[in-house]
Every structure is written in C-alpha cells, then in structure tokens.
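J.: Take a look at the following structure, please.
The values are calculated or read from the model by the stated rules, or taken from the named source; none is laboratory data. Computed from a predicted structure; not experimentally measured. Every residue, glycine among them, receives a Cβ derived from its backbone with ideal geometry; neighbour counts consider all protein chains shown. Only protein heavy atoms, including side chains, enter the accessible area calculation; ligands, DNA and RNA are left aside. Shrake-Rupley method; radii C 1.70, N 1.55, O 1.52, S 1.80 Å.
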Amino acid sequence: GLLFNGDTAAANALDDYEEGTWTPVFGGGMTYTLNATVAKYVKVGRLVSFTISMQWGSKSGGTGNVTISLPFATSSTSSSWQGNFTIGYSGGVTGIPKTGYNDSGQANFFMVPAAIGGGIVQTSAIGSAGHLIMGGSYQTD
C-alpha cells in the first residue's frame, strides 16, 4: 500500500482507494420504476462515503421495512448503528425520514422518520412517485 511521511509500518498503509457509482434499490418487495438516479461513492481504506439522488414512479406492493441498498456491505465486526446516514430531501415519503441506520454485515440501510419514536419507515410510506436525496458514511470489513 501507499505510505506517507516516511512511515514504513504496513498497518498504516493506504491499501484501498476507489471511486464509483451503483444503482441503489429499495428493499421491502416493492415494484417501482426508477426515473432518474445518481449514486456515487468514494472508498478510502475501510471508510465508504456516498451520495444518492433517487427518483421513482409507478410504485406498487411491498410490505414491512424499507431498505435502500449500499455499494458495499457494512462491517460485520461492529454492532449496529455504525454509519452516519442523512436524508436531505424526501418528497413522496410519508413521515419525513431524516436519518437512517444499518445492521452489521448488510449492504443496505433503514430510513428512520423525523418523529421521535417513529420506528423504521415502512413500504406503505413510500408514495407512487417521489424523490430522495441522501448521503452518509460507514465502515466495511
């Protein structure tokens, strides 16, 4: 890996850098059409930072919790709540989600409504058309 400032310790080497895109998907068994999606990530070592702008239409079906896919699985060696997820705009989603969390070892995250004690956003809260803008960071293995 790449070492800085004369460091020679292999444990301090930057051994992974990657930039890319992916197509995020909703979990929860919904059928929908993505109209416009921009999803980008930067991975430096084990840290992944991402942004998503996701517009959909023609949504139907689904039950239970809504998840949104991530470009990489989260670390399996940490407990839940290891990432930082912020939702900046949520047109077409009931309950106004503002944040999210993930379970260890999973390649998705749950949206959480702004209301205290609101639980996890359910598929019934996703409108037939909408737009989410979000971002965050988390660790991988």
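J.: Using the Kirkwood radius built from alpha carbon pairs, what does the Stokes-Einstein equation give as D for segment 35-102 at 37 °C and 0.692 mPa s, in µm² per second? The partial results should precede the final answer.
T.: Working: Rh = 14.1 Å.
Taking Rh from Cα pairs, D becomes 233 µm²/s.
J.: If I stretch the segment between THR86 and SER137 completely, what's the gain in nm (0.36 nm per residue apart, minus their alpha carbon distance), one decimal? Mind showing how you got there, number by number?
T.: Details: separation 51, 0.36 × 51 = 18.36 nm, distance 0.93 nm.
Difference between extended and current length: 17.4 nm.
J.: Mind giving me the FRET efficiency for VAL38 and ASN5? R0 is 35 Å, r the Cβ-Cβ distance, nearest 0.05 is fine. Let's see the in-between values first.
T.: Values: r = 36 Å, r/R0 = 1.02.
That gives a FRET efficiency of 0.45.
J.: Output wanted: per-residue J couplings in Hz (rounded whole) for segment 129-140, from phi through Karplus 6.51 cos²θ - 1.76 cosθ + 1.60, θ = phi - 60°, x for Gly and Pro.
T.: Those phi angles translate into 8, x, 8, 10, 10, 8, x, x, 8, 6, 9, 10 Hz.
J.: Which residues' amide hydrogens lie under 5 Å from the amide hydrogen of THR99, considering only partners 5 or more residues apart or on another chain, with H built in the peptide plane?
T.: Amide H neighbours of THR99: ILE87, VAL112.
J.: With the alpha-carbon atoms as the only input, what is the per residue convex hull volume for segment 1-61 in Å³?
T.: Values: hull volume 5.2 nm³, N = 61.
Taking only Cα atoms, segment 1-61 has a hull volume of 86 Å³ per residue.
J.: Over segment 2-141, average the accessible area per residue using a 1.4 Å probe and give it in Å², no decimals. Walk me through the numbers before you get to the answer.
T.: Values: 7090 Å² over 140 residues.
Normalised by residue count, the accessible surface of segment 2-141 is 51 Å².
J.: Could you sort LYS40, LYS98 by their accessible area in this structure, using a 1.4 Å probe and putting the largest first? Working shown, then result.
T.: Values: LYS40 115, LYS98 90 Å².
Largest accessible area first, the residues go LYS40, LYS98.
J.: Express the Stokes-Einstein translational diffusion coefficient of segment 97-141 in µm² s⁻¹, to the nearest whole number, given a Kirkwood radius over alpha-carbon pairs, 10 °C and a viscosity of 1.306 mPa s. Before the final figure, lay out the partial values.
T.: Details: Rh = 12.1 Å.
Diffusion coefficient, whole number: 131 µm²/s.
J.: Using a probe of 1.4 angstrom, how much of the accessible area of segment 1-43 is carbon and sulfur, in percent? Each step should come with its number before you reach the end.
T.: Values: 1460 of 2890 Å².
C and S atoms contribute 50 percent here.
J.: Separate question: Kirkwood Rh, Cα Rg: Rg to Rh for the chain? Write down the numbers at each step before the final one.
T.: Working: Rg = 16.7 Å, Rh = 15.9 Å.
Taking Rg over the Kirkwood Rh, I get 1.05.
J.: To continue, here is another question. Modelling each spin label as a point 7 Å along the Cα-to-Cβ direction, I'd like the SER76/LEU14 distance in nm, to one decimal.
T.: 2.8 nm
J.: Taking a 1.4 Å probe, which of TRP22, TRP56 shows the most accessible area, and what order do the others take after it? Walk me through the numbers on the way to the answer.
T.: On the way: TRP22 40, TRP56 5 Å².
These residues rank, largest area first, as TRP22, TRP56.
J.: Let me ask something else about it. Please pull out the direction-averaged projected area of segment 69-134, using the convex hull of its alpha-carbon atoms, in nm² to one decimal place.
T.: Details: hull surface 17.9 nm².
Taking a quarter of the hull surface, the average projection is 4.5 nm².
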